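Here the structure comes first, spelled out in structure tokens, and everything after it is commentary.
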Amino acid sequence: MSLISNCSTSYTAVAVKSPILSKNSNSFSPFPFPFPRLSHNEKFNVSRLALSHSRHTVKVRTISMALVGDTVGQKGDVCTSSSILAYDLIQGALVRWSSVMDRSLPDPPTAVFLHGILGCRKNWGTFARRMAQEFPMWQFLLVDLRCHGDSASIKKRGPHTVQSAALDVLKLVRELRMTPRVLVGHSFGGKVALSMVDQAAKPLARPVKVWSLDATPGKVRAGGDGEDHPGELISFLSTLPKEVSSKRDVVKALIEQGFSNDVAQWVVTNIRPTSSRDSRSSSFTWVFDLKGIAEMYKSYEGTNLWKIVEDVPRGVHVNFLKAERSLHRWALEDLQRIHAAEDLAAEEGGGVEMHVLEDAGHWVHADNPDGLFRILSSSFQGSKT
């Protein structure tokens, strides 16, 4: 079973610069502007980050977005400024919007999807496209968190923590002039979503629904026998060379070390070919910043965000999803505390809710995507047409 799609795909795009917001702005604000009208036959549109400084072209049925942090440029301009995070923006067929549209027009409802440790935005690609087909008025922002995927090449100041990762995403949506209504985070990404709420202005500009998938707001419990142990995995990866001769060798080494084949296959999606003039010799290199990721995982273990759950900000609905077969991550005290928060939030006009995804382990979007789709769809109902 393939847990995630390859993270090493390269993209071409026309760079369109976007206005800078005030550094003092700490709330979500939509600022739409002109956008080419697209065919009604399109199922969805994908906006991709321009990752190189070379001349870019527009692919058919692709809306091309810019490096974040640039200013508006004329058609054909190529942006070379620094960016915040690498991202994909997948838009439903009824979305006719970009971050440079007429500001008098409201932005479409936006959902942000966040991956876990050692993952990348491609984890959510297939799932987000399915959501875009079902809910054509929505757009879905998929990001590579700091030190991961294509964002690993974007230098970030430390410390590398849950909080700093959340602040990156807040800066990104602010620069893109988006107002997220749904935040979905898997594992480490679940805590990042909660931290986004903690750091954003209260009350939020709009009601927002937060989904923490198979992650509690407090203590992190490592995998059980035969399951993943992220700390041990990161430690072992640090012993491997930066360049490897083949993915197969890495998979073999991981399995011999006691990691499952699924985990091994998932890890090697973080490898990309190195450029070489000699086509007869090939090698691969890691795309992530493993030292930074180790720091992020340590922060994940130590970050406590129960305060967000037990004192839910106005306009926020927090949803926890427990994978049925991921029992080690959920102590009885966690479940009792969440259910107590459900009652308290209901009394005070907030929202906390617990869900269980049947027939799924920790990799919820790979183990039972249909069940996950049905559960998450509740946050998008009412905006289908």
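The values are calculated or read from the model by the stated rules, or taken from the named source; none is laboratory data. As the structure is a computational prediction, the values presented were derived from the model and not from experiment. Every residue, glycine among them, receives a Cβ derived from its backbone with ideal geometry; neighbour counts consider all protein chains shown. Accessible surface is based on the protein model in full, side chains and every heavy atom, while ligands, DNA and RNA are left aside. Shrake-Rupley method; radii C 1.70, N 1.55, O 1.52, S 1.80 Å.
Note on E324 and M137: the model spin-label points, each 7 Å out from Cα along the C-beta direction, lie 3.3 nm apart. Among the GluC sites (Glu not before Pro) in region 285-372, those located in a DSSP loop and surrounded by at most 12 other Cβ atoms within 10 Å of their own Cβ are E348, E358.
Here the spin labels are modelled as points 7 Å beyond Cα on the Cα-Cβ line, and at T274 and K291 they lie 1.8 nm apart. Net charge in the neighbourhood of N368 (other residues with Cβ under 14 Å of its Cβ; Lys, Arg +1, Asp, Glu -1) is -2. Around the Cα centre of region 282-323, unit charges on the Cβ atoms of Lys, Arg, Asp and Glu (plus for the first two, minus for the last two) sum to a dipole of about 80 debye.
Exceedance of the 27 Å cut-off in Cα-Cα distance is limited, within the set K171/K298; K156/K191; K122/K242; K171/K291; K247/K291; K155/K322, to K155/K322.
For the set I271, I84, solvent exposure ranked by accessible area (probe 1.4 Å, protein chains only) runs largest to smallest as I84, I271. Here the simple spin-label model places points 7 Å from the Cα toward Cβ, and for V356 and R374 these points are separated by 1.5 nm.
Cα gyration tensor of region 280-319, axes a ≥ b ≥ c as square roots of the eigenvalues: rounded (a/c below 1.5), prolate (a/b > b/c) or oblate? Cα axes put region 280-319 in the prolate bin. Note on surface exposure: R121, R374, R248, R221 rank R248, R374, R221, R121 by accessible area, highest first, 1.4 Å probe. Nearest 0.05, what FRET efficiency do T239 and D343 give at R0 = 51 Å with Cβ-Cβ as r? Given R0 = 51 Å and the Cβ-Cβ separation, E is 0.60.
Residue separation of I255 and E333 scaled by 0.36 nm, minus their Cα-Cα distance, works out to 24.7 nm of gained length.
Computed from the C-beta positions of Q381 and D262, the FRET efficiency with R₀ = 35 Å rounds to 0.60. Taking a sphere under 9 Å around the Cβ of G292 and counting the other residues whose Cβ falls inside, with K and R at +1 and D and E at -1, yields a net charge of +1.
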